[in-house]
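Bear in mind that the values in this text are calculations on the coordinates, not laboratory data. For clarity, every value in this text was computed on a predicted model and none was experimentally measured. As a convention, Cβ positions derive from the backbone with ideal geometry for all residues, glycine included, and neighbour counts pool all protein chains shown.
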Amino acid sequence: MNRLFSVTLWVVIALSTPMLFLTLAAGVFIDPMATVLGVVFAVVYLTVVVWVFSRTPLWPDFRTHRRGPDGKRRRGHGSTAQWVAACLLWGGLAAVGIALLTSTALLDLMVKLNLDFFMLSMAGGYPEEIAKALGAALILIAFRQLNRPWHGLITGALVGLGFEVNENLLYGSTGALLDANSDIDGVLIMWGYRTLAGPLIHTILTAFAGYGIALALFRAHRTLAWRCGVAAGWIGIAFILHFAWNMLWESTLASIINIVVISLIMYPLFGYLIWRSWREARADESYAYAPGALTTTADLALIDAPTTPSLTAQQAEPVAAGMEETAIGDGGSR
C-alpha cells in the first residue's frame, strides 16, 4: 500500500467507528430483537453481494504466494481482506459520518429557501456521493494491486455496498418504530422495500464514481484535463441520478414514473460497464503491480504479473479493437 494514503484511510475509518455504535444503539433502544434481525439481514446481504463480485474477472488479484530474491514473502502491500474491509468500513462508517456533517444544514437550507421538493436530493445526493467517492479514491491509491479501471468499478461498488447496508439498518430501525402492530414486521417490510425498490442503488452509484476515478488514475497517455473531466463526469452522473431519485413528488404516480425512468438509465448503464469491463479484464494480459518502490534492478523480481490463459488471435482481436489503452502496473511510483 502507499503508506501516506493507507494511514489516512484507516485513521478516518477509526475516527468514524462511533457511527457503528450509533446505528446499533438506535436499533437496540427501539427493539433488540428487531436489531438482531436487521444485523442478520445485513450480514446475508453483504456476503451474497461480495461473493458474486468476487466470482468475476473484475476482482483484483491480491495473491501473495510469490517470494522475492531473498526468499521472503512480500510485505506491506495489503490483502484481499484488508481491501474489502476498507471499502465496506469506509462506506458504512466514514462516508455516513462525513455526510451527516452537512446533511442537516442542507435540509435546513432547502426549507428556508422553500425548496422542499429538493430537500432530500441535496441532503442526500450531494454529501453522500462526495463522501463515498472520496473513499473510493483513497482506496484506489492506497492499494497497489488496484491499477485498472474495472478495479475502480468494484471498489466503488463495495464502498457503496457498505453505505447501503448501514442505511438499511437505520431504515429498518425506523420501520420497527413506525409499525403500530409489530417491530419485527416493520423491519421486514422496510428491508423488503429497500431490497426490491431500487436494489443496490448506492452500490451502483458509487461504482460509477469509482470507475471514473480509476479511469482518471490509470488510463495511459491522457491529458490532465481529460483525467479531471472523466472523473468529474462519472461522479456527476452518480450525483445527478441520486439527486433525481430523492426528489419529493407530491403524486404517487409521479414518484413511480420518476423511479422507473431513473432505473431505465441506471441499471442498463451499470450492466454496460460490467460487460465492457468484463471483456477488458479477460483480455488483459499485462496486469502487474509492485509491492513497493523499486530501487534496484533486483527488485524487479518482486513485480507480480499473474499468468492467465492466452486468448487466440481471433478472440483477442475484436476485444482489443474496442479497448482503450490501459496503464501498465504501477511500478512503485505513486
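Within 9 Å, Cβ to Cβ, of residue 194, how many net charges do the neighbouring residues add up to if Lys/Arg are +1 and Asp/Glu are -1? Around residue 194, the charge tally is -2.
Kirkwood radius, segment 87-222, all distinct C-alpha pairs, inverse of mean reciprocal distance: 15.9 Å. Annotation: the residues 8, 47, sorted from fewest to most other C-beta atoms within 10 Å of their own C-beta, follow the order 47, 8. Taking the Kirkwood radius as Rh and the Cα radius of gyration as Rg, segment 192-260 has a ratio of Rg/Rh equal to 1.14. The order of the peptides 276-283, 123-130, 53-60, 232-239 by mean Cβ neighbours within 10 Å, most packed first, is 123-130, 232-239, 276-283, 53-60.
The base-10 log of I(q)/I(0) for segment 132-288, evaluated at q = 0.14, 0.18, 0.20 Å⁻¹, reads -0.77, -1.09, -1.24 [Debye formula, identical scatterers on Cα atoms, solvent excluded].
When you count the other C-beta atoms within 10 angstrom of each residue and take the mean per peptide, 152-159, 131-138, 209-216 line up highest first as 152-159, 209-216, 131-138. Across segment 95-161, C-alpha contacts under 8 Å between residues 6 or more apart give a mean separation that, scaled by the residue count, equals a relative contact order of 31 percent. When peptides 84-94, 105-115 are ranked by their average number of other Cβ atoms within 10 Å per residue, the highest-first order is 84-94, 105-115.
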